[in-house]
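To keep things clear, I will list the structure first and then write my remarks on it.
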Amino acid sequence: MSDAAFAGRWRALLLIAVAELLIMSLWFSATAAAPELAADWGLTPSETAWLTTSVQLGFVAGALLSAIFTLSDVIPPKYLIAGSALVGAGATAAIAAAVSSLLPAVALRFLTGMVLAGVYPPGMKLLAGWFRAGRGMAVGVLVGAITVGSALPHLIRVIGGVGNPRAVLFGAAGVALVGAAIALFVTEGPYQSPAAPFDPRATVRILRDRPTLLANGGYFGHMWELYAVWTWIPVFLVASLAAGTPGTQQTAGLLAFATIAVGGFGALFAGLAADRIGRTTITSASMAVSGLACLAAGFVFGAPLWILTPFVLLWGFAVIADSAQFSVAITELAEGSYVGTALTLQTAIGFLLTIVSIQLIPILVDFVGWQWAFAPLAIGPALGTLSMLRLRMRPESTRLAGGRK
């Protein structure tokens with residue numbers, strides 16, 4: 001790589017990371033505003049969950065359509081990202097401006113999820129075109145940015161959105177528009193695969209490839225836990241503070257933001273470590289920590305802030321740390337011309353699982369309360385770790401991180 005290209009990859013990383021951070025604020029915009037929306041619209045906990053679940057469903061639908069029509073490999077990624085962000089920002093602003101009941105909100109949240117499938121996977125493909133060495137670090141930075149972006153609505157709520165859900169929604173829509181504009185300045189890297197022809201058989205080949213399936217198995221176990229924790233940790237914290245040392249909604253909101261946002265550092269740390277130590281090693285260790293946290297949450301429920309705070313920060317650090325490495329593994333294992341499609345398919349199935357786990361939590365709360373509601377999520381990291389260890393034993397694992405399994 002020439003000196004100019006070497007410098008160009010850092011510019012590309014910065015632009016992609018900032019764009020994705022701002023655009024992904026759309027994801028949890030309604031979730032952050034959910035307490036006020038639920039009160040205004042008279043929603044039950046299960047109905048409130050649909051403000052997040054509908055995004056997951058939309059993402060799955062959008063990702064499946066993108067995978068079938070190989071959109072991430074046919075449309076230049078920066079245009080796909082910017083156009084998708086524009087539609088998502090419009091849908092989010094429409095909820096703030098004109099919606100006063102659950103059903104139209106769910107429809108607009110579904111649309112938001114659909115178009116976000118044109119933001120996350122293409123962003124990873126763009127980075128893969130700039131980074132061959134250090135790819136784990138680069139995608140770790142991207143996932144870290146996405147993590148902070150996902151937490152951003154909670155910060156908007158703390159600053160001026162408590163009791164004002166429209167401020168949260170309009171705020172997320174506004175920063176997403178800025179992200180869309182930034183994405184247009186990203187150029188493709190020297191390792192970017194050329195636009196591929198439409199090939200519906202590419203999806204079948206991806207699904208039949210054993211190493212890719214095992215990497216996906218790790219990702220699916222990770223996703224079973226991740227979005228259920230991100231969705232419900234604010235409510236868990238409110239309940240925990242009420243059961244122990246009382247705290248305000250601002251305290252719970254700020255701690256929820258920190259729990260999600262600290263994952264940005266986790267993703268960066270894991271990316272650097274995976275490039276040096278190995279992808280299966282880092283992903284397995286991360287899932288072990290986060291899976292144990294699912295079980296330990298019951299023991300710290302109601303504990304004072306000096307115990308609860310470091311616990312949820314450690315959990316937030318570990319729960320997302322491995323996420324980028326499953327995607328990087330796909331870029332190293334899957335068919336080169338259809339990496340975008342492979343990534344989109346991975347995320348589609350992974351987010352489909354999150355719908356089940358997100359909806360499961362309120363049901364569990366009715367039986368065991370918030371204290372133990374997260375415990376069944378540990379099943380996902382356990383199975384994900386098993387899948388990554390099986391991948392480690394295969395000869396194809398030498399393609400991971402330059403031979404560092």
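The table below gives the values:
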quantity	calculated
Close pairs (8 angstrom Cβ cut-off, 6 or more residues apart or separate chains): in contact (Cβ under 8 Å) with a residue 60 or more places away in the chain and surrounded by fewer than 18 Cβ atoms within 10 Å (Cβ to Cβ) in the stretch 204-227, of a type in the set (S, T, Y) and assigned to a helix (DSSP H, G or I) anywhere	R205/Y338
All helices (runs of 4 or more DSSP H) inside the stretch 30-143 with 2 or more residues being free of Cβ contacts under 8 Å to residues at least 60 places away in the same chain and either under 30 Å from N164 (Cβ atoms) or within 18 Å of the chain's Cα centre (by Cα) (or both)	34-41, 45-68, 77-98, 102-116
Breaking point among (1) modelled with pLDDT under 90; (2) over 21 Å from T385 (Cβ atoms); (3) within 21 Å of the chain's Cα centre (by Cα); (4) open to solvent by 40 Å² or more (accessible area, probe 1.4 Å), for S337	(3)
Lone unmet requirement of (1) under 21 Å from G253 (Cα atoms); (2) of a type in the set (S, T, Y); (3) surrounded by 17 or more Cβ atoms within 10 Å (Cβ to Cβ) for S46	(3)
Subset of the stretch 340-359 (residues that are of a type in the set (S, T, Y) and modelled with pLDDT under 80)	T341, T344
Positions within the stretch 344-378 being charged (D, E, K, R) and open to solvent by less than 20 Å² (accessible area, probe 1.4 Å), in sequence order	none
Test: residue in the stretch 23-31 that is surrounded by fewer than 23 Cβ atoms within 10 Å (Cβ to Cβ) and closer than 24 Å to V235 by Cα	no
Sole residue being open to solvent by less than 10 Å² (accessible area, probe 1.4 Å) and either farther than 18 Å from Y79 by Cβ or among the charged types (D, E, K, R) (or both), chosen from V119, V139	V139
Members of the stretch 262-314 that are open to solvent by 10 Å² or more (accessible area, probe 1.4 Å), assigned to a helix (DSSP H, G or I) and among the β-branched types (V, I, T)	I277, T281, I282, V289, V300, I307, T309
Scope the stretch 207-255; condition of a type in the set (G, A, S), at pLDDT below 90 and in a helix (DSSP H, G or I); matching residues	A242, A243, A252, G253
Hits in the stretch 360-386 - residues which are at pLDDT below 95 and within 20 Å of the chain's Cα centre (by Cα)	L360, I361
Filter result for the condition that a residue is buried (at least 20 other Cβ atoms within 10 Å of the Cβ) and modelled with pLDDT under 95, over G88, G134, G160, G113	G113
Which listed residue is open to solvent by less than 40 Å² (accessible area, probe 1.4 Å) and more than 19 Å from G179 (Cβ to Cβ), from A96, A105	A105
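For every residue, the table says whether it meets (1) touching a His at 6+ places or on another chain (Cβ under 9 Å); (2) in a helix (DSSP H, G or I); (3) of a type outside the set (D, E).
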{"residue": "T344", "(1), (2), (3)": "no, yes, yes"}
{"residue": "G350", "(1), (2), (3)": "yes, yes, yes"}
{"residue": "T354", "(1), (2), (3)": "no, yes, yes"}
{"residue": "L360", "(1), (2), (3)": "no, yes, yes"}
{"residue": "F367", "(1), (2), (3)": "no, yes, yes"}
{"residue": "A382", "(1), (2), (3)": "no, yes, yes"}
{"residue": "L386", "(1), (2), (3)": "no, yes, yes"}
{"residue": "L391", "(1), (2), (3)": "no, yes, yes"}
{"residue": "E396", "(1), (2), (3)": "no, yes, no"}
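The values are calculated or read from the model by the stated rules, or taken from the named source; none is laboratory data. Just so it is clear, the model here is predicted, and its values are computed rather than measured. Don't worry about glycine lacking a Cβ; one is built from the backbone with ideal geometry, like all the others, and counts go over all protein chains shown. Please note that ligands, DNA and RNA were not included when accessible areas were found on the heavy atoms of the full protein model with its side chains. Shrake-Rupley method; radii C 1.70, N 1.55, O 1.52, S 1.80 Å.
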